[in-house]
Structures are given as C-alpha cells and as structure tokens.
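Participant: Let me begin by handing over the structure; questions about it come next.
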Amino acid sequence: AAAEPTKAEKKEFTYSTMTMCYPQLGAESDWRTANTASFKETAGELGVRLIFSDAQQKQENQISAMRACIQQGVDIIALPPVVEDGWDAVLQEAKDAGIPVIIVDRSVKADKSMYAAHIGSNMVQEGEKAGNEMNKLLPDGGKIVELSGTTGSGAATGRAEGFRKTLNKNIEIIDSQTGNFTRAEGKPVMEAFLKKYGKDIKGAFIHNDDMAIGAIEAIKAAGFKPGDIKIVSVDGTRGGFQAMVDGWVQADVECNPLLGPQTMELALNILNGKPFDAETLTKEEVYYPDKAAELLPSRKY
Ligand code: GZL
Ligand code: ZN
C-alpha cells in the first residue's frame, strides 16, 4: 500500500472538497429562513457540499442530525444551537471523531475546548441596545411587557439579561412570556397581556420581528393606534421595517442572519490549520422609522 501521506503532504482542503454539516434548528422566523438561504446560496456559489437538515426547533432532532453527519464522516459541523444546554455528549462524539464544530448564531453552555469557534451576535448587547431605546421612548417611565424568544435559547436569555441591565428604573416590566420567536405564538401572548393589563401597557420589548408582527395583530384588534404602545423589536427583517413604516414599531435592533460566507471561510481556515478567530461577533445597527421606508428596498432579508 502507498505510504501514509505525512502531515505536510496531507491535501489542502478547498471549498469544493469540503463537506459541511448544517443541522439547522428550524424555519420559525424570517430571520431563520434568511440564515438558511445564506448557507445554501454560499455553499452553492463556493461548491461546498452542504449536508442540511431542519430540526423543527427540537434539540433532539439537531443532535440526531449531528450524529448522522458524524457517521457519514463530514469534514466539519456548523451548529446553530436551538438552546444553550445539553450539547456536551454530541460535542464529545464529534471531537472523538476528529470533526471540528463551529457554533453559529446562538451560544452553547459548553467548555470552549469542546468546539473550534463561535460566530454570531452578542445577544446581551442586543438587549442592552433595546433597553436604551425603550428609555428614550418612555422618558417618564411606565409599565411594559416582554415577549421573549425560545426559552433556554442564548438569544432569549441574552436579550432579556441585557435589556434589564440598561432599562431605567422608572420603567417596570409587569409581565414576560415566550412567543418562541414565531408570529403564530406572538399574537396570543399579546392578546393575553392586553386582556389582563389593557391601557396600562405603555411599551413592549419583543425579542424578534416575527413575534412583533403577531403581537401587532392583537394590538390592532384591541383598538390601539400605532404608537400607543411603544414597541422595540429585534432582527431588522423586511417585516420589521414595514412595521416601522406603518408606525407600529419604534426601534428595531438589527440581528444579522447572513452568516454563510464568513462561516465557510472560517471552516476552511480551521480545516487547513490556518489562523482563525475563535469568536467572530457580527456588526449590528439599530434602525428607526424615519429611515425605514428609504432602507426597506435595500434590506437583504
Ligand atoms: C438570533 C436568532 C433568533 C432571531 C429569531 O440570532 O437566533 O432566532 O432573533 C430567530 O428571529 O428565530
Ligand atoms: Zn444578532
């Protein structure tokens, strides 16, 4: 048999010889579908073989998809974790199989030695930005509600934590429920809040545009006008921009889903033993109604 190639002779990976596993968490929001499109389009453009699956927001489905990829002997796994906990075993299995893992978007609670890198947002900072916006919208204080994202997700935990760090003391969060990042679940949560608190509600911190759009349907149905309830949302999707144009949302904290190109580049560097950043935080702005109409056509998701 031919001699085993030495380390130096081991072939360099190129995009077209790389197989990446992307066990996507679901299709719950416009953000998520844009994130999926970014990975599929980038893989198509670069010639990367992408093993894609949709876990319908269930961690056990993500874990079994990862195990199938490990069996298949993929070169690298990019994991967008639905929740922070419960990854130790499968990360260990990937490590034992010599398959590097990149954590994409949300965070995991695992020892940093269990994965190669993270690329995504600083969710706590997103929450802090949202708190600053709410302070500007309610200078005299008041009672607000919170529609939080998926329970246990790094996005929901971080946003809630950051928001409470910067929110002024004269603004009181009188209730908080999860709408699981979906329109369908955001609406009934806001309906229940309106039934319970009515006109006491002066504002709402909503962890993503999809839940905000659902909540706005309930706010409209209850007879409120745009601006009666000051809404700070997150993501900066077209839906969020439209809600700002229509006057229902007063600030939208951007959260960028288009992580495909950077993740593919990161993967190649990891596989080729090139230098790479263990943490890549996406640059994100806050958008307001006065620019929303002008910017809407240029929004890529
Ligand atoms: C945040 C991402 C969140 C979005 C939601 O980076 O994980 O999940 O804010 C999406 O729209 O469902
Ligand atoms: Zn973000």
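What follows draws every value from the coordinates through simple rules; no lab data is involved. Only a predicted model underlies this, so the values are computations on that prediction, with no experimental measurement involved. As a convention, Cβ positions derive from the backbone with ideal geometry for all residues, glycine included, and neighbour counts pool all protein chains shown.
Participant: By the gyration tensor of its Cα atoms, with a ≥ b ≥ c the square roots of the eigenvalues, what is the shape of segment 121-255: rounded for a/c under 1.5, prolate for a/b over b/c, or oblate? Numbers along the way, then the final one.
Facilitator: Working: a/c = 1.31, a/b = 1.13, b/c = 1.16.
Judged from the Cα gyration tensor, segment 121-255 comes out rounded (a/c under 1.5).
Participant: Nearest 10 degrees is fine. How inclined is helix 154-166 to the longest principal axis of the chain, computing both from alpha carbons?
Facilitator: Rounded to the nearest ten degrees, it is 50.
Participant: Oh, and also: Work from the charge dipole of the chain (Cβ charges, +1 for Lys and Arg, -1 for Asp and Glu, about the Cα centre) and give the residue of Ala43, Leu137, Ala89 farthest towards its positive end.
Facilitator: Working it through, the farthest residue towards the positive pole turns out to be Leu137.
Participant: I need the phi-derived Karplus couplings for segment 38-48: 6.51 cos²θ - 1.76 cosθ + 1.60, θ = phi - 60°, integer Hz, Gly and Pro marked x.
Facilitator: 3J(HN,Hα) across segment 38-48, in whole Hz: 4, 5, 5, 5, 5, 4, x, 5, 8, x, 6.
Participant: What angle, in degrees between 0 and 90 and rounded to the nearest 10, separates the Cα long axis of helix 183-197 from the longest principal axis of the Cα atoms of the chain?
Facilitator: So the helix axis and the longest Cα principal axis differ by about 30 degrees.
Participant: Using the number of other C-beta atoms within 10 angstrom as an exposure proxy, rank Asp111, Asp175 with the fewest first. Write out the running numbers ahead of the final one.
Facilitator: Working: Asp111 9, Asp175 15.
Ranked by crowding around the Cβ, least crowded first: Asp111, Asp175.
Participant: Mind checking segment 112-197 for trypsin sites (Lys or Arg not before Pro) that DSSP puts in a loop (not H, G, I, E or B) and that have at most 15 other Cβ atoms within 10 Å?
Facilitator: Values: sites: Lys112, Lys129, Lys136, Lys143, Arg159, Arg164, Lys165, Lys169, Arg183, Lys195, Lys196; in loops: Lys169.
Loop-located and lightly packed - Lys169.
Participant: Right, next: Once amide H atoms are placed 1.01 Å from N in the peptide plane, what residues at a sequence separation of 5 or more from Phe52, or on another chain, have their amide H within under 5 Å of its amide H?
Facilitator: Close amide H contacts, sequence-distant or interchain: Tyr22.
Participant: Charges at C-beta only: +1 for Lys and Arg, -1 for Asp and Glu. How large is the resulting dipole of segment 90-239 about its Cα centre, in Debye rounded to 20? Provide the component values of the computation, followed by the final result.
Facilitator: Numbers: 21 positive and 20 negative charges, 86 e Å.
Approximately 420 debye in magnitude.
Participant: Roughly how many debye, to the nearest 20, is the charge dipole of the chain about its Cα centre, given +1 on each Lys and Arg Cβ, -1 on each Asp and Glu Cβ, and no other charges?
Facilitator: Working: 34 positive and 43 negative charges, 77 e Å.
Approximately 380 debye in magnitude.
Participant: Residue-wise, which Karplus ³J(HN,Hα) couplings in Hz belong to segment 73-86, taking 6.51 cos²θ - 1.76 cosθ + 1.60, θ = phi - 60°, and x for glycine or proline?
Facilitator: So the J values, rounded to whole Hz, are x, 5, 7, 7, 10, 10, 10, x, x, 5, 10, 7, 9, x.
Participant: Amide H to amide H, which residues 5 or more places from Val286 or on other chains are under 5 Å from it, using H placed in the peptide plane?
Facilitator: Glu254
Participant: Per DSSP H run of at least 4 residues, take -39500 (n - 2.57); add these up for the chain, divide by its residues and hand me the 222 nm value, nearest 500 deg cm²/dmol.
Facilitator: Result for the chain, helices only: -13000 deg cm²/dmol.
Participant: Considering the options Ile270, Ala251, Phe241, tell which one lies farthest towards the positive end of the dipole of segment 223-301, charges being +1 on Lys and Arg and -1 on Asp and Glu at the Cβ, about the Cα centre.
Facilitator: With unit charges placed on the Cβ atoms, the residue in question is Phe241.
Participant: Using only alpha carbon pairs under 8 Å that are at least six residues apart, calculate the relative contact order of the chain and give it in whole percent.
Facilitator: 18 percent
Participant: Could you pull out the pairs from Lys225/Lys283; Lys58/Lys230; Lys165/Lys196; Lys40/Lys283; Lys40/Lys109 whose alpha carbons sit more than 31 Å apart here?
Facilitator: Beyond 31 Å between Cα atoms: Lys225/Lys283; Lys58/Lys230.
Participant: Measuring from centroid to centroid over Cα atoms, what is the spacing of segment 214-280 and segment 131-170 in Å?
Facilitator: 16 Å
Participant: Using the Cα gyration tensor of the chain, with a ≥ b ≥ c the square roots of its eigenvalues, what is the shape: rounded (a/c below 1.5), prolate (a/b larger than b/c) or oblate (neither)? Walk me through the numbers before you get to the answer.
Facilitator: Working: a/c = 2.47, a/b = 2.21, b/c = 1.12.
It comes out prolate by the Cα gyration axes.
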